Every structure is written in C-alpha cells, then in structure tokens.
1. Test of understanding: among 698, 723, 684, which residue is crowded, with 19+ Cβ neighbours inside 10 Å, touching a strand residue (DSSP E or B) at 6+ places or on another chain (Cβ under 8 Å) and within 27 Å of residue 643 (Cβ to Cβ)?
2. Determine whether residue 22 is closer than 18 Å to residue 364 by Cα and in contact (Cβ under 8 Å) with a residue 12 or more places away in the chain.
3. Being modelled with pLDDT under 95 and within 29 Å of residue 770 (Cα to Cα) is the requirement here; does residue 806 meet it?
4. Of all residues in segment 793-809, how many are over 22 Å from residue 631 (Cα atoms) and out of contact with any strand residue (DSSP E or B) (no Cβ under 8 Å at 6 or more places or on another chain)?
5. All but one of (1) crowded, with 19+ Cβ neighbours inside 10 Å; (2) in contact with a strand residue (DSSP E or B) (Cβ under 7 Å, 6 or more places away or on another chain) hold for residue 485; which doesn't?
6. In segment 297-310, how many are over 24 Å from residue 116 (Cα atoms) and surrounded by fewer than 16 Cβ atoms within 10 Å (Cβ to Cβ)?
C-alpha cells in the first residue's frame with residue numbers, strides 16, 4: 001500500500017514494514033540470522049516462480065563502512081612526509097635518467113598512483129624474513145619499481161649512485177634495472193612482474209605452494225602471506241584472472257591481491273564506457289573471492305552520511321570511468337555542474353564546500369586509513385583469498401604535467417614549473433635554486449622521518465623486498481639409481497617410461513626423495529605415471545573427500561593432504577607457475593625442492609614461452625620434461641600436437657640447458673648431472689629434456705661416452721672405413737642406426753653414427769669459441785670441430801626438429817652439414833608415414849649420404865638413381881615445408 005505525504009513523495013508502508021523488521025532482526029539476532037532468513041526467502045520465492053535479477057555487484061561505495069573502520073595505528077603525518085619524499089625521489093630518478101639519455105624510458109605516474117597502497121603495507125603489513133619467520137612475499141607492480149627503489153634509498157640500501165644510474169646498468173658505477181628482475185638484482189628482487197598477467201597467476205600458485213610445503217611437512221606452518229599488486233589494465237591479460245577459481249577452491253586465505261584501479265591503460269581508459277571496479281568485483285566474487293572495494297576517501301564520508309535517500313551512491317554508480325577521469329583533470333566548477341548538478345539535492349549536499357575542497361574529494365586508494373582498514377580485514381579473512389580494488393588517480397600529484405591524463409603513462413620528463421608544483425604540493429625541502437637539477441633528498445639519519453622509517457621496518461622484521469642468496473646443497477642421490485640404465489634393455493621401451501622409472505626411484509631415495517615435486521597438467525596416465533598415484537599420492541589440501549570410481553584398482557586416483565604430485569588439470573600456464581614456485585623455493589623458502597614438470601612438449605615453450613622467460617629471470621631450477629616430443633614421434637595427433645621446434649625455442653633462454661636424449665643411459669646421465677649442477681653446485685639454471693613415446697630397444701652404454709653425452713655429442717657407432725658421418729638425435733637416432741646398416745649391407749658404404757644429445761650445448765660452444773677467436777685471438781676449437789675434424793666424408797645430420805638446429809653448426813664442421821629435419825606442419829598418421837613425409841626416415845638418411853657422396857664423386861651417379869628407386873625417394877615430391 002502506498003500513500004502520499006505533504007511533500008507529495010510516495011511512501012510504501014508495506015515495504016517500510018519489511019525494512020523495519022529487517023532492522024529489528026539485525027539488532028536482536030545479528031547478521032548471521034539475517035543471512036539465514038534472506039536465503040530461505042530467496043529459495044521459497046524461487047520455488048514459487050519468482051526470479052530475482054542476478055548481480056554479482058555491490059553498490060559503488062566502500063565495502064567497509066566508516067563505523068567499522070579501526071583507529072589508524074601509525075603517525076599519519078609522519079608517514080605522509082616519508083611518502084612524499086619517496087614520491088619525489090621516484091620522480092627525480094626517472095626525470096634525471098631521461099635528461100642524461102633522451103628516450104631511456106621509465107614511469108613516473110604508476111608509482112604516484114600506488115604510493116599509498118605501498119606505504120601502508122611497508123609501514124604496517126609487509127613482514128621481512130627473520131630467524132623465526134620466512135617473510136611475506138610481495139609481487140610488486142612492475143611499472144612502479146622507481147617507488148620501491150626510492151624507499152630502499154631512504155632505508156640506506158641504495159646509494160645516490162644507484163639512483164643516478166637508474167636504467168643505466170652498464171655504467172661504471174652501479175645502476176638499477178628498469179623493472180623487478182632477480183637475474184639482474186639477485187639480492188633485491190624476488191619476482192619478475194612486468195610482463196603483465198604473469199605476476200598474478202604466479203602469485204596464486206605460489207600461495208598454494210606454501211600450503212603444499214606445510215601440508216607435506218617440509219616446513220612449519222606460519223601465517224606467511226603473499227601480496228600481489230597489479231594494475232586494473234593488467235587484468236585484460238587472460239593470465240591475470242585465469243586462475244581465480246583455483247585460489248578460491250584451495251581456500252588460499254594467505255593470498256591478497258591489490259588492484260591499483262587508476263582507470264587507465266597506456267593509451268586511455270581501461271573501461272571508459274563502463275566501470276572496471278564493478279567488472280572486477282563481479283569476476284572475483286563469482287570465482288569465490290572476498291572482495292573489498294576502496295573507492296572513496298575520508299572526505300566523502302560526511303557526504304555519504306547525509307545521503308539518506310541514496311542519491312549520491314546512485315550517482316556514483318551511474319557515472320562511467322571515462323567521465324571520472326574527466327573530473328580529475330577539470331576544475332571544481334566542472335565537477336559541480338556535471339557530477340553534482342544532475343540533481344538539486346546533490347548540489348545542496350555540497351553547497352558548503354569550497355572549490356578547493358571539491359577538488360580534494362579524493363579517491364579511496366589515496367587514503368591511508370581506508371587502505372589500512374582493507375588490509376587488516378584481508379588478513380582477518382579466513383577460508384578464502386581477498387582482492388582489494390582500490391580506486392586511484394594515475395599520475396597523482398603530477399598536476400598539469402600528467403595527473404589523470406591519457407598521456408601520463410608515457411610521462412618521463414617534467415619542466416621547472418611542474419617540478420616546483422610537485423615540490424610544493426608534497427612539501428619537499430628543496431630550494432628554488434636547486435629545483436632544476438632535480439636533486440635526490442634523504443633526511444639526516446637522526447631526523448624524525450628516518451627514525452620512524454627504521455623503527456617501522458624493524459618492527460616488521462627487516463627489509464622488503466629481499467632475496468635469499470645463502471644456499472645449502474643437497475646430498476646427491478645414490479649412483480645405483482642411475483647405473484641401472486647403463487646395461488640397456490632388449491625389450492623395446494620409450495624414454496618416457498625410462499624417465500618414470502628414474503622418477504620413481506628418486507622419489508624413494510631417503511635423501512632427496514621428499515624434495516622431488518612431480519608436476520603434470522592432467523596427462524599422468526598418458527605418460528605412464530599413474531603408478532606414482534599410489535606411491536606418493538596427488539596433493540589436495542582438503543584430502544580426498546570422495547571415493548574414486550577406480551578405488552578397487554591398484555593404481556587408483558589417490559588424493560591426499562600430504563600428496564606429492566601436483567596434478568594441475570588442463571592448464572599449462574598454471575602448471576608452469578607451480579614449476580616456478582617449486583624451482584625458486586631454494587631462494588624464497590630455503591628449501592631445495594626439485595620440480596619435474598612433465599607435459600606435451602608442443603604445449604611448452606610455444607604456449608607459455610613468456611613464463612619460461614620469467615623462470616630464467618627468476619633464477620628458477622628444475623626439470624622441464626617435454627614428453628611426446630618430436631614432429632614424427634607422436635603418432636596420430638597431428639598438426640597442433642606434433643612438436644618440431646621446441647628445441648629451437650629453447651635456444652632463446654640463456655640459462656636453460658636443453659637435451660634431446662635417445663637412449664635410457666643418456667637420460668639417466670643427464671638427470672644425474674642436472675641434479676648435481678643445480679642442487680649441489682648451485683648453478684642457477686634449469687633443464688629442458690625431451691621424452692619420446694616411441695618404443696625401441698635400449699642399447700647398453702658404450703665405454704667413455706659420459707662426457708660427450710653432457711657436452712652434446714659422442715660417437716655411438718664407429719667404423720675404421722667410414723666414408724660419411726651420420727648425426728642422429730632423439731627419436732631419429734634409431735633411424736640413423738638403421739640407415740648406417742642399410743648403407744653397409746646394400747651399398748657397401750660404411751659410416752660413423754653420432755648421437756647428438758644437445759644441439760644447444762654445441763651451438764653455445766661454437767658461439768663462445770668464435771667470440772674468443774674474433775675478440776681475443778684464441779686458437780681454441782669448438783667441441784664439434786674437435787669431434788669431426790679427423791673424420792672422413794660428408795656430415796649428414798637428422799633430427800625430429802627443424803633443420804635450423806644442425807645448420808647453425810655448419811660453419812664449425814669441416815665440409816659443412818647437410819641437414820634433414822621436420823620443418824612444416826604436422827600430420828595425423830603413423831610414425832613410418834610421418835618420417836617418410838618429412839624425409840627423416842632411414843631411407844631418406846641413407847639416400848642423402850649416397851647423394852652427397854655422389855656429388856663429391858665418391859659414389860657412382862648411375863647407382864644413385866638405382867638407389868633412389870630402391871629406397872623409394874620420389875624426386876617430384878613437394879617440400880614438406882609448404883605442405
């Protein structure tokens with residue numbers, strides 16, 4: 001029932017009764033009872049056909065009301081002064097770098113928008129590593145690195161010379177990397193984050209990995225927290241939001257995302273015609289996260305308190321982000337007219353505010369008290385991860401030089417007028433005479449600011465970020481684990497199954513067994529790893545809450561809270577993030593976990609190449625096991641699955657060691673040496689090793705070949721009468737052996753057969769040797785040259801990969817190399833047909849040997865044509881590259 005009051009406003013008494021009843025219930029029985037009854041009402045309405053409109057959004061106001069805001073624990077004025085100094089030094093660093101060298105780059109505006117979000121954390125939340133606590137892990141937003149450097153400068157960790165040489169790492173005095181790079185600053189940065197999207201997903205899997213370490217008893221449980229700072233524009237990247245459901249499913253209450261919602265990308269608004277905070281709220285809430293919005297600063301609180309009819313909150317919710325950016329750059333009159341002027345009641349609400357007060361109605365991400373409240377609430381939230389959506393202004397404080405403007409991301413220079421405005425706004429004690437030189441400023445050590453700064457960090461355990469550099473090596477596993485494979489096997493077996501056997505034995509080793517971390521993206525059964533389910537179990541923080549359908553089988557799907565296998569599901573990006581977490585645990589947790597990530601090789605570097613680059617930058621260790629490798633070895637799957645270029649892509653990562661072993665003993669020697677190099681000698685490298693699913697006889701190891709296996713090649717079969725050299729690798733080595741036998745038995749041509757285990761090792765060695773020869777006049781020879789210079793005849797190299805690999809070595813080989821490879825798209829067919837199609841089978845190898853000999857006059861050309869027919873070599877066959 002409605003009626004009309006004296007002011008002609010409609011009043012719904014029935015609705016008001018319900019609202020009054022809600023107030024009474026809330027007051028007498030509490031919020032939980034209200035939730036219970038509202039839920040039951042919703043269910044009953046649904047049963048009766050009432051469909052409520054769905055919304056994952058809450059109003060466009062702060063999630064935590066003023067009444068629930070705790071007292072701020074710090075000295076607000078002191079922290080403001082310290083933050084202002086950091087703002088100045090961060091800006092000065094970039095401006096000076098670009099004055100020294102125009103176009104060197106850097107970002108002023110990103111840190112200016114995130115400064116309060118960082119400083120509240122540094123002063124009250126980010127805990128350093130101590131003897132009793134491992135330290136919080138902070139993924140800093142990459143483009144805001146100048147602010148982190150500026151704080152480290154105040155703390156005394158960095159000098160004037162460091163800041164002077166920001167983005168000039170190769171100068172004579174020490175410089176600073178552009179962004180967070182552990183490879184370049186190994187005692188400072190922990191996590192590379194500037195390839196946008198990778199920071200968020202790796203942070204999620206790292207938070208889960210902490211639970212894994214604790215659940216498996218590899219470290220004591222703590223309340224260590226992972227903080228991930230990212231920009232709202234960064235959430236466009238699929239990796240940023242792609243793993244949200246995992247974080248919720250795993251109940252990662254040790255994880256907090258802080259999204260710096262300054263509403264701008266590099267070129268313009270993130271969501272100019274929408275509201276990015278509302279979009280992100282819906283995504284995170286839908287995935288099961290606790291969402292805290294920090295939209296408005298304290299200057300809005302009195303206005304919202306008077307907003308009894310909800311007009312202001314409604315207006316806040318209907319304005320789109322592009323218009324909010326316009327309000328930032330316009331004057332107070334514009335804001336009054338276009339924001340408040342849509343309703344006389346809104347204008348009356350702010351009639352008492354001066355123009356300067358209107359312009360000082362700040363966003364929530366710049367209010368320390370609001371940010372502190374959000375952080376504190378995040379830490380107190382149990383059973384789910386938290387995201388804080390903090391609204392800020394990009395370039396905050398830059399004024400006309402870039403505050404809130406579309407060009408602000410590219411802002412790297414400031415004139416004298418802008419510098420004066422910035423100095424005055426933030427109260428920096430620099431004179432007019434000094435201003436144009438843009439000096440760095442650090443107060444005296446005994447100043448109140450410096451004392452407060454040091455006291456706050458000391459109370460939180462020390463400096464952040466800090467990367468652990470001390471190292472305790474593991475004890476090498478028993479030799480017998482690897483020696484088993486020296487004798488070979490007459491029973492045909494794939495190198496994948498050999499690896500599973502090695503892995504099983506390593507898991508059982510009393511020394512390092514507990515440190516092994518098997519990782520698979522939902523392909524364990526494909527790779528024959530299902531026996532490990534029973535041996536060590538699949539990790540699940542909740543344990544196994546159901547009876548699996550194969551419970552009666554010996555190799556049933558066994559999940560356990562202390563399970564060792566990380567079965568990640570169909571996500572190479574997620575599985576690789578776990579690999580990085582495990583592979584950097586030696587630095588981040590002081591635990592030498594040894595990850596073995598086994599996956600379809602085609603979905604490795606091709607799919608997550610950027611993550612692999614991040615792993616290199618992170619100084620990650622571990623083994624990437626590229627299973628079903630080779631263009632012709634994975635039968636039937638076809639174009640999207642057959643990998644003929646993974647080893648080519650592996651060339652691009654400097655600290656990645658890549659091998660393509662053919663035989664069991666090669667694989668065992670490589671894994672053993674990798675454990676030694678990474679986990680005993682502390683070489684900060686990681687391995688890529690191909691595995692094949694092609695079953696063939698595994699020969700015994702020839703004497704004296706171990707060194708050659710590791711260097712990249714060795715002579716597998718030898719003949720004193722060799723007229724040619726055949727280089728085979730991986731799954732094509734058996735084809736090379738067949739070709740050698742065919743040549744000898746049918747054409748009387750004897751050859752040497754070489755196993756090339758690592759083209760990358762050989763290529764790097766050649767490049768190093770050439771450099772020494774050119775720069776220093778060194779007479780050294782490349783290893784491949786030493787191997788082949790005393791041999792006779794042409795060199796033919798065949799592999800299951802692109803010809804680029806062997807041809808890269810041609811200049812170092814006397815007479816060059818004739819390469820056979822698998823350039824082109826794959827096909828759905830069996831191995832025999834595939835190898836014939838790509839011209840890498842035994843017949844193609846044998847014919848290539850005969851053809852090269854004929855070209856040198858060492859084989860009769862008439863016999864060559866006869867051999868062509870006998871070997872089925874079609875001269876009219878198109879090049880498979882274009883097929």
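The values are calculated or read from the model by the stated rules, or taken from the named source; none is laboratory data. Everything numeric in this text was worked out from a predicted model, so none of it was measured. When we count neighbours, we look across all protein chains shown, and the Cβ atoms used for this are built from the backbone with ideal geometry, even at glycine.
1. Result: 698 is the single residue among 698, 723, 684 that is crowded, with 19+ Cβ neighbours inside 10 Å, touching a strand residue (DSSP E or B) at 6+ places or on another chain (Cβ under 8 Å) and within 27 Å of residue 643 (Cβ to Cβ).
2. The answer is no for residue 22.
3. no
4. Result for segment 793-809: 0.
5. Checking residue 485 against (1) crowded, with 19+ Cβ neighbours inside 10 Å; (2) in contact with a strand residue (DSSP E or B) (Cβ under 7 Å, 6 or more places away or on another chain), the one that fails is (2).
6. Summing the residues that are over 24 Å from residue 116 (Cα atoms) and surrounded by fewer than 16 Cβ atoms within 10 Å (Cβ to Cβ) in segment 297-310 gives 5.
Condition check ((1) over 43 Å from the mean Cα position of the chain (by Cα); (2) closer than 18 Å to residue 377 by Cβ; (3) without any contact (Cβ under 8 Å) to a residue 40 or more places away in the chain) across all residues:
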| residue | (1), (2), (3) |
| --- | --- |
| 30 | yes, no, yes |
| 34 | no, no, yes |
| 51 | no, no, yes |
| 68 | no, yes, no |
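Conditions (1) at pLDDT below 95; (2) surrounded by fewer than 16 Cβ atoms within 10 Å (Cβ to Cβ); (3) in contact with a strand residue (DSSP E or B) (Cβ under 8 Å, 6 or more places away or on another chain), marked per residue:
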{"position": "821", "(1), (2), (3)": "no, no, yes"}
{"position": "828", "(1), (2), (3)": "no, yes, no"}
{"position": "833", "(1), (2), (3)": "no, yes, no"}
{"position": "839", "(1), (2), (3)": "no, no, yes"}
{"position": "843", "(1), (2), (3)": "no, no, no"}
{"position": "847", "(1), (2), (3)": "no, no, no"}
{"position": "851", "(1), (2), (3)": "no, no, no"}
{"position": "854", "(1), (2), (3)": "no, no, no"}
{"position": "863", "(1), (2), (3)": "no, yes, no"}
